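Asker: After the structure tokens below, expect a handful of questions from me.
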There are 2 protein chains.
Amino acid sequence: MSALSPISRAACIGGGVIGGGWIARFLLAGIDVKVFDPHPDAQRIVAEVLANAERAYGLLTGAPLPKRGALTFCASVAETVADAQWVQESVPERLDLKRRVLAEIDAAAPADALIGSSTSGLKPTDLQAELTHPGRLFVAHPYNPVYLLPLVEIVGGAATTPETVARAKAVLDAIGMKGVVIAREIEAFVGDRLLEALWREALWLIKDDICDVETLDDVIRYSFGLRWAQMGLFQTYRIAGGEAGMRHFLAQFGPCLQWPWTKLTDVVDLDEALVEKIGAQSDAQAGGLSIRELERIRDENLVGIVQALKAGQGGEGWGAGRLLKAFEQRLWAQAGAAPAADTAAPLELVQTRVSPAWIDYNGHMTEHRYLQVFGDATDALLRLIGVDLAYVEAGHSYYTVETHLRHLDEAKLGEVLTCTTQILGADEKRLHVFHRLCAGPERREIATGEHMLLHVDSKAGRACPAAAPVRAALDVLAQAHAALDRPIVAGRSVGLKAPAPAA
Amino acid sequence: MSALSPISRAACIGGGVIGGGWIARFLLAGIDVKVFDPHPDAQRIVAEVLANAERAYGLLTGAPLPKRGALTFCASVAETVADAQWVQESVPERLDLKRRVLAEIDAAAPADALIGSSTSGLKPTDLQAELTHPGRLFVAHPYNPVYLLPLVEIVGGAATTPETVARAKAVLDAIGMKGVVIAREIEAFVGDRLLEALWREALWLIKDDICDVETLDDVIRYSFGLRWAQMGLFQTYRIAGGEAGMRHFLAQFGPCLQWPWTKLTDVVDLDEALVEKIGAQSDAQAGGLSIRELERIRDENLVGIVQALKAGQGGEGWGAGRLLKAFEQRLWAQAGAAPAADTAAPLELVQTRVSPAWIDYNGHMTEHRYLQVFGDATDALLRLIGVDLAYVEAGHSYYTVETHLRHLDEAKLGEVLTCTTQILGADEKRLHVFHRLCAGPERREIATGEHMLLHVDSKAGRACPAAAPVRAALDVLAQAHAALDRPIVAGRSVGLKAPAPAA
């Protein structure tokens, strides 16, 4: 069993964009996944989604992911689900097809396996009607891209047991997703209800030439789209209501409901002419960017947005960023049980990738991001000697008082960065460390960082000796590292007296 | 006339949350604003919105804003609009009231003044019906918070001239907003049409107990809200359609239009019971956070999201972030014409604020953000000596090769940071600078940065002498700074041999 997740074996029936997203989520959480998809290109499609997912996930978090689960393609539904703890069905959106596939799953899966359906609209009561064990069937409706958007709507049908819903939510929460339980089943649940209402209105606006698709998209992404990335509809309106709050807002805007402000008393006819109109406008909007390019831009934007939200609410994190932060804390916690460090060489404590937000207009990694990676490496070293969250919360920590950086080469977007750390010296209050940052699989040296840290009583705001266990752990490392070659550039200062750096 | 904007005098009739947002946008763009609002608390409300706007804007961008415009409260509509180039009407949403106020504006404003209405739903043809000069009336519909969300829907009525629409868009674009022209007028335009459709569906979901308001908000902000902050509805679905694109997507999802996926064939009755239900659920969702606290969290989140989007598309910027980036470039360009630097003291090139994204879990400014501010100061120095965008694009630049940082004190969220810069030395290829970072109005010294930069041929990837005009500008500064006291800590290196830093 993965230390992260309550399950270690999943089965995915259907490996399209949604199924592939589920596969990626499970594998990246350290869960083994068996897949059945009769489509001739299934393995290629899954591989493509997985590649996107790994790239995006690598940019999203530098926390230590568990060892990736094993991926196996199977020849039948029965073989795929035979030992699964969670079976996720993501076949096309037809009730008869889903019922047939779910019956096959139900017959072959262990009796206590959870069975989730990715349906975006069918009611779980209708899906489970003919199962032998209907109690473990539920809807688990995710959003594309599944590997980045955390939401999963969990919907139970008439026969679904409360235990099933609770177990499903626990698994989703454990692997970094946001399981939201919908109280009562209804076609299309909550998200697609909202999307469908807006979508129908949007089709009218295009059909009636009020605007084109690019204008409509701009209206969304320069206004309420920005709002909804962090607060939803009601919380946003609560603020709009001002001090008087929600009830005031409703009183003020309630009358609009009687105004002719939507065309939704009628449904647009999506005929050939309208399809072609939207298709042509969408082509123009894309401005020559391919689906693959748009996908990459979208993923990098989503990464940046979630990382921005991680800094929300005074650093506590907000919404999807807070979720990520909590997930990373669990990842770090489980990484704490890592094997003892090899002390015969500098420590390799941080491996990360150059994130899109780290790139400047020259396409290079921005200067201060080097210091960010060195800071992460210092934090990892501190955790290793026992300066963990509990130690810091109890009022002690190490603060950096001095830093010396050398820049030797450039790093590019997406490159793997590896940081090695050597302790140059330590006493009861001070810690002198040297980091070396390398890029790419060839480990090209791109920068070094030399730092002096001071152990402090953070409440009193002054230096004090480190706790005995921390000093002991530090001494072991410092003594081992004393045997290593000292970097020849250690102790170097900035100045024109030094020879000019090599061109 | 402000160098930034084609207008320098605006009038705002109505100073509530929306009117106050307009006032802030104009003032921060260097435009003088006269205000009329008969509400007894108008001055207090405007001051509050302005304070929020200045705080948020200061966090959003470190680019040099023009000198803030002058704010004047007037006693009548006529006095307010007498010399205005743009009049913005933001009075309550009643056709009779708006018509009366617009007639007053029309009678007293200069004949070539633009008149925008903030209405969120009334048709401009209805608003302009009784004006003497109806051709200059248009809808300019912004979104709350107006000082952060860039969108303004520009809607002309039957009598609005194309020149009016073009002039309005030019002003909005110049001050950093996103003017989007709606092709045909319709009640509620585009944004509020979409919002209203979704809102009506949402009210049904709450009334029918499918979910509560917190669940509904979570469904939005953990899924499509994140998508819509950067791409709208159609671009998102284009990607979902995969390689086959938009037409494929429409073919696949078109049939859903016939399914009972919304309740919008009917309108919910927002009776007292439903208002109370939503009010109570909204109170629970807020978890004790006041409107002011939520507002601040929202603003900081929006700042972080827009800044994240500024790094999108490989550093070119995407959506609202690209808009900000282009605006900042114009701000920097106009700041280029600033008076010559005083060389009798270290240069004061950067003043900024501690942004929410810069804060770590201890509530302090994160280490690498110090280097970011020093990097900004170095960039400002380089622009001052002629290393501007054109110089860099022509293939030459200065790269930092070495840095020495000292941390002396902490900075807190929102504190003003001032960075002073002294040139310690320079030759044909090298530039040795020393930055001192101070926090708060008392200019508490919190850090120093000493840097060696090398002038490079960025295509060849090697050092080369700087261009003659750059060297000349640099020499003038370097000679003046040679007369200043040299920082005693310059040339210092990291090491345990040095005395322990003061506790």
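The values are calculated or read from the model by the stated rules, or taken from the named source; none is laboratory data. Keep in mind that this is a model prediction, so the values were computed, not measured. Backbone-built Cβ (ideal geometry, glycine too); neighbour counts: all protein chains shown. For the accessible areas, the whole protein counts, side chains as well, though only heavy atoms, and no ligand, DNA or RNA atoms are used. Shrake-Rupley method; radii C 1.70, N 1.55, O 1.52, S 1.80 Å.
Asker: Just to be sure, is A:LEU453 within 9 Å of chain B (Cβ to nearest Cβ), closer than 21 Å to A:ALA490 by Cβ and among the aliphatic types (A, V, I, L, M)?
Answerer: Spelling it out, it is not the case that A:LEU453 is within 9 Å of chain B (Cβ to nearest Cβ), closer than 21 Å to A:ALA490 by Cβ and among the aliphatic types (A, V, I, L, M).
Asker: Can you confirm whether B:THR160 is away from chain A (no Cβ under 12 Å), open to solvent by 10 Å² or more (accessible area, probe 1.4 Å) and out of contact with any Lys or Arg (no Cβ under 9 Å at 6 or more places or on another chain)?
Answerer: Taking the combined requirement at face value, the residue does not satisfy it.
Asker: Would you call B:ILE220 farther than 29 Å from B:ARG330 by Cβ and open to solvent by less than 10 Å² (accessible area, probe 1.4 Å)?
Answerer: For B:ILE220, the condition - farther than 29 Å from B:ARG330 by Cβ and open to solvent by less than 10 Å² (accessible area, probe 1.4 Å) - is met.
Asker: How many residues does segment A:204-254 contain that are part of a helix (DSSP H, G or I), touching a residue at least 60 places away in the same chain (Cβ under 8 Å) and either facing another protein chain (nearest Cβ under 7 Å) or polar (S, T, N, Q) (or both)?
Answerer: Residues in segment A:204-254 being part of a helix (DSSP H, G or I), touching a residue at least 60 places away in the same chain (Cβ under 8 Å) and either facing another protein chain (nearest Cβ under 7 Å) or polar (S, T, N, Q) (or both): 2 in total.
Asker: I'd like to verify a number: residues in segment B:442-457 that are under 28 Å from the mean Cα position of the chain (by Cα) and either under 28 Å from B:ARG471 (Cα atoms) or open to solvent by 10 Å² or more (accessible area, probe 1.4 Å) (or both), how many?
Answerer: Number of matching residues: 2.
Asker: Also, I was wondering about something else. One residue is enough: does segment B:68-81 have a residue meeting the conditions at pLDDT below 95 and not hydrophobic (A, V, I, L, M, F, W, C)?
Answerer: Among the residues of segment B:68-81, at least one is at pLDDT below 95 and not hydrophobic (A, V, I, L, M, F, W, C), which makes the answer yes.
Asker: Could I ask something else about it? Can you name every residue in segment A:271-295 that is within 16 Å of B:LEU226 (Cα to Cα) and touching a residue at least 40 places away in the same chain (Cβ under 8 Å)?
Answerer: Just the residues of segment A:271-295 that are within 16 Å of B:LEU226 (Cα to Cα), to begin with: A:294-295.
Correct list: A:GLU295 only.
Asker: Right, something else. Restricting the search to segment A:275-309, which residues are surrounded by fewer than 23 Cβ atoms within 10 Å (Cβ to Cβ), part of a helix (DSSP H, G or I) and more than 7 Å from chain B (Cβ to nearest Cβ)?
Answerer: Passing the criteria: A:GLU276, A:LYS277, A:ALA280, A:GLN281, A:ASP283, A:ALA284, A:ARG292, A:GLU293, A:ARG296, A:ASP299.
Asker: Considering only residues of segment B:406-441 that are among the basic types (Lys, Arg) and more than 28 Å from the chain's Cα centre (by Cα), which is farthest from B:ASP379 (Cα to Cα)? Walk me through how you get there before you give the answer.
Answerer: Residues of segment B:406-441 that are among the basic types (Lys, Arg), as a first pass: B:406, B:412, B:429-430, B:436.
Going one step further and asking which of them are more than 28 Å from the chain's Cα centre (by Cα), we end up with B:406, B:429-430.
Values: B:ARG406: 20, B:LYS429: 17, B:ARG430: 15 Å.
Checked segment B:406-441; the qualifying residue farthest from B:ASP379 (Cα to Cα) is B:ARG406.
Asker: Here's a check for you: in segment A:163-175, which residue that is open to solvent by less than 10 Å² (accessible area, probe 1.4 Å) and modelled with pLDDT of 95 or more is nearest to A:ALA111 (Cα to Cα)? Lay out the reasoning, then the answer.
Answerer: As a first pass, look at segment A:163-175 and keep what is open to solvent by less than 10 Å² (accessible area, probe 1.4 Å): A:164, A:168, A:171-172, A:175.
Next, from what is left, pick out any that are modelled with pLDDT of 95 or more: A:164, A:168, A:171-172.
Details: A:THR164: 12, A:ALA168: 15, A:VAL171: 18, A:LEU172: 20 Å.
My answer is A:THR164.
Asker: Residues of segment A:310-329 being in a loop (DSSP other than H, G, I, E, B), at the interface with chain B (Cβ under 7 Å from one of its Cβ atoms) and in contact with a helix residue (DSSP H, G or I) (Cβ under 6 Å, 6 or more places away or on another chain), which ones?
Answerer: Across segment A:310-329, the qualifying residues are A:ALA311, A:GLY312, A:GLN313, A:TRP318, A:GLY319.
Asker: Additional query: Going by the structure shown, is A:ARG136 within 7 Å of chain B (Cβ to nearest Cβ) and either of a type outside the set (Asp, Glu) or touching a residue at least 24 places away in the same chain (Cβ under 8 Å) (or both)?
Answerer: Against the criterion (within 7 Å of chain B (Cβ to nearest Cβ) and either of a type outside the set (Asp, Glu) or touching a residue at least 24 places away in the same chain (Cβ under 8 Å) (or both)), A:ARG136 does not qualify.
Asker: Could I ask something else about it? Against the definition (closer than 20 Å to B:ASP126 by Cβ, within 28 Å of the chain's Cα centre (by Cα) and not in a loop (DSSP other than H, G, I, E, B)), how does B:ALA188 come out, yes or no?
Answerer: Numbers: closer than 20 Å to B:ASP126 by Cβ: yes; within 28 Å of the chain's Cα centre (by Cα): yes; not in a loop (DSSP other than H, G, I, E, B): no.
Spelling it out, it is not the case that B:ALA188 is closer than 20 Å to B:ASP126 by Cβ, within 28 Å of the chain's Cα centre (by Cα) and not in a loop (DSSP other than H, G, I, E, B).
Asker: Can we say B:SER355 is within 21 Å of the chain's Cα centre (by Cα) and either on the phi > 0 side of the Ramachandran plot or within 12 Å of chain A (Cβ to nearest Cβ) (or both)?
Answerer: For B:SER355, the condition - within 21 Å of the chain's Cα centre (by Cα) and either on the phi > 0 side of the Ramachandran plot or within 12 Å of chain A (Cβ to nearest Cβ) (or both) - is met.
Asker: Among the residues of segment A:281-298, is there at least one that is under 28 Å from B:GLY414 (Cβ atoms) and either in the same structural domain as A:GLY21 (by TED's automatic domain parsing) or in contact with a helix residue (DSSP H, G or I) (Cβ under 9 Å, 6 or more places away or on another chain) (or both)?
Answerer: Checked against the condition, which is being under 28 Å from B:GLY414 (Cβ atoms) and either in the same structural domain as A:GLY21 (by TED's automatic domain parsing) or in contact with a helix residue (DSSP H, G or I) (Cβ under 9 Å, 6 or more places away or on another chain) (or both), segment A:281-298 yields no hits at all.
Asker: Consider B:PRO134 against the criteria (1) modelled with pLDDT of 95 or more; (2) open to solvent by less than 10 Å² (accessible area, probe 1.4 Å); (3) not aromatic (Phe, Trp, Tyr): it satisfies all of them except one. Which criterion is unmet?
Answerer: With respect to (1) modelled with pLDDT of 95 or more; (2) open to solvent by less than 10 Å² (accessible area, probe 1.4 Å); (3) not aromatic (Phe, Trp, Tyr), B:PRO134 is out only on (2).
Asker: Taking the stated definitions as given, is A:TYR391 within 20 Å of A:LYS412 (Cβ to Cβ), surrounded by 16 or more Cβ atoms within 10 Å (Cβ to Cβ) and of a type in the set (Ser, Thr, Tyr)?
Answerer: The answer is no for A:TYR391.
Asker: Another question about this same structure. Which residues, counting only those in segment B:363-386, are under 18 Å from A:TYR399 (Cα atoms) and touching a Gly at 6+ places or on another chain (Cβ under 8 Å)?
Answerer: B:GLY363, B:THR366, B:GLU367, B:HIS368, B:TYR370, B:LEU371 - these are the residues of segment B:363-386 that are under 18 Å from A:TYR399 (Cα atoms) and touching a Gly at 6+ places or on another chain (Cβ under 8 Å).
Asker: Please go through segment A:176-201 and give me each residue that is acidic (Asp, Glu) and either open to solvent by less than 10 Å² (accessible area, probe 1.4 Å) or facing chain B (nearest Cβ under 7 Å) (or both), ordered by number. Steps first, answer last, please.
Answerer: First, pick out the residues of segment A:176-201 that are acidic (Asp, Glu): A:185, A:187, A:192, A:196, A:201.
Residues satisfying the conditions are A:GLU187, A:ASP192, A:GLU196, A:GLU201.
Asker: Would you be able to say whether some residue in segment A:337-346 is assigned by TED's automatic domain parsing to the domain that holds A:GLU415, in a strand (DSSP E or B), modelled with pLDDT of 80 or more and out of contact with any Ser or Thr (no Cβ under 6 Å at 6 or more places or on another chain)?
Answerer: Checking segment A:337-346: not a single residue is assigned by TED's automatic domain parsing to the domain that holds A:GLU415, in a strand (DSSP E or B), modelled with pLDDT of 80 or more and out of contact with any Ser or Thr (no Cβ under 6 Å at 6 or more places or on another chain).
Asker: Do we find a residue being surrounded by fewer than 24 Cβ atoms within 10 Å (Cβ to Cβ), modelled with pLDDT under 70 and either of a type in the set (Lys, Arg) or within 25 Å of B:VAL152 (Cβ to Cβ) (or both) anywhere in segment A:245-252?
Answerer: No.
Asker: Taking into account only those residues within segment A:409-433 that are over 30 Å from A:ALA56 (Cα atoms) and out of contact with any helix residue (DSSP H, G or I) (no Cβ under 8 Å at 6 or more places or on another chain), which is surrounded by the most Cβ atoms within 10 Å (Cβ to Cβ)?
Answerer: A:HIS432
Asker: Search segment B:361-384 for residues being open to solvent by 40 Å² or more (accessible area, probe 1.4 Å) and at pLDDT below 80, and hand back the single one that is nearest to the chain's Cα centre (by Cα).
Answerer: Restricting to residues being open to solvent by 40 Å² or more (accessible area, probe 1.4 Å) and at pLDDT below 80, the top hit is B:TYR361.
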